[in-house]
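Right, one structure below, let's go through it.
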Amino acid sequence: MNKKEIFTGIAVITFICGLSGYLLAQVYKTTKPKIEAIKRIEEEKLNKEIFPEAVKFEEKEINGIKYLSVLNSNNEEIGKIFEVKTLGYGGYIYLKVGIDKENKIKKVKIKEHNETPGLGAKITQDSFLNQFIGKTKENIYLKKDKSNGRIDAITGATVSSRAIVDGIRKLLEDIGEKIN
């Protein structure tokens, strides 16, 4: 191969890479608004699953803690929804936790996770998540970890179960009396 062939090869590869990058950027630019709209719809769906009686959700922040204020038809606050990020077995787990007016858990929904299919992924099942309903921070522990624990771990997925429990308990400790 002579210098001219090498130079031509480099120029062709550079052109193809540049064109590919440009086309990829155009696809991203076109699909980004649609993807964001779908994410907003998914968020609203999760919020309505936590508080079906809600009419409106307002973003608020107190003492650096962001949350959604849940309002009824009379514009009265009936609860709050917090987002929690906790480290599980397969990476970060993102969940939403609904808290009612008595500071008890209304409902927990998993927003995103990368836990092992068939094991840790069972954290999304109602049989696990419904254990949190009505609980306060005093009994948000795995039964196997504390005598006052009220949450059964998922068999074979203790790390994932503990991540959810610890994330929710830390949230409840952080908000404490700050948000009422």
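Any read-out appearing in this document is the output of simple, stated calculations on the displayed coordinates, not a laboratory observation. Note that this is a predicted model, so its numbers are computed, not measured. Cβ sites come from the backbone with ideal geometry, for glycine too, and all protein chains shown count toward neighbours.
If Lys and Arg each add +1 and Asp and Glu each add -1, what is the summed charge of the other residues whose beta carbon sits under 9 Å from the beta carbon of L95? Before the final figure, lay out each step's value.
Numbers: positive: K85, K96, K109, K111; negative: E83, E112.
Residues close to L95 contribute a combined charge of +2.
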Separation between Cα centres of region 1-72 and region 80-141, rounded to whole Å: 25 Å
With DSSP loop assignment and no more than 15 other C-beta atoms within 10 Å, the trypsin sites (Lys or Arg not before Pro) in region 91-162 are K101, K143, K144, K146
Counting Lys and Arg as +1 and Asp and Glu as -1, what is the net charge of the other residues whose Cβ lies under 9 Å from the Cβ of K66? -2
Which one of A54, G149, S161 is farthest out on the positive end of the charge dipole of the chain, using unit charges on Cβ (Lys, Arg +1; Asp, Glu -1) and the Cα centre as origin? S161
Search the structure for amide H atoms under 5 Å from the amide H of K111, placed 1.01 Å from N in the peptide plane, and list their residues when 5 or more places away or on another chain. Y94, L95, K96
If exposed GluC sites (Glu not before Pro) are those in a DSSP loop with at most 15 other Cβ within 10 Å, what is the longest stretch of the chain that has none? 103-176
Share of Cα-Cα pairs in region 15-112 beyond 22 Å, whole percent, is 45 percent
So what are the ³J(HN,Hα) numbers for region 94-106, from phi and the Karplus equation (6.51, -1.76, 1.60; θ = phi - 60°), rounded to whole Hz, Gly and Pro as x? 10, 9, 10, 10, x, 10, 7, 5, 8, 6, 9, 6, 7
Region 49-175, dipole about Cα centre (Lys/Arg Cβ +1, Asp/Glu Cβ -1), debye to the nearest 20: 380 debye
Amide H to amide H, which residues 5 or more places from I154 or on other chains are under 5 Å from it, using H placed in the peptide plane? S161
Hull surface divided by four, with the convex hull built on the Cα atoms of the chain: how many nm²? 15.9 nm²
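If we count every other residue with Cβ under 10 angstrom of I140's Cβ, Lys/Arg +1 and Asp/Glu -1, where does the sum land? Before the final figure, lay out each step's value.
Working: positive: K135, K137, K146, R150, R169, K170; negative: E138, D166, E173.
Charge balance near I140 sits at +3.
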Rounded to the nearest 10, the angle in degrees between the Cα long axis of helix 158-175 and the longest principal axis of the Cα atoms of the chain comes to 70 degrees
Explain nothing, just compute: Karplus ³J(HN,Hα) = 6.51 cos²θ - 1.76 cosθ + 1.60, θ = phi - 60°, for every residue of region 141-155 in order, whole Hz, x for Gly and Pro. 9, 5, 4, 6, 9, 9, 5, 8, x, 10, 10, 7, 6, 7, 4
Value of [θ]222 nm, deg cm²/dmol, for the chain, DSSP H segments ≥ 4, -39500 (n - 2.57) each, nearest 500: -13500 deg cm²/dmol
Whole-Hz ³J(HN,Hα) from phi, Karplus 6.51 cos²θ - 1.76 cosθ + 1.60, for region 126-136, glycine and proline x: 4, 4, 8, 5, 5, 5, 7, 4, x, 7, 10
Cα-based count: Lys pairs in region 53-100 below 14 Å, eight or more positions apart or different chains? 7
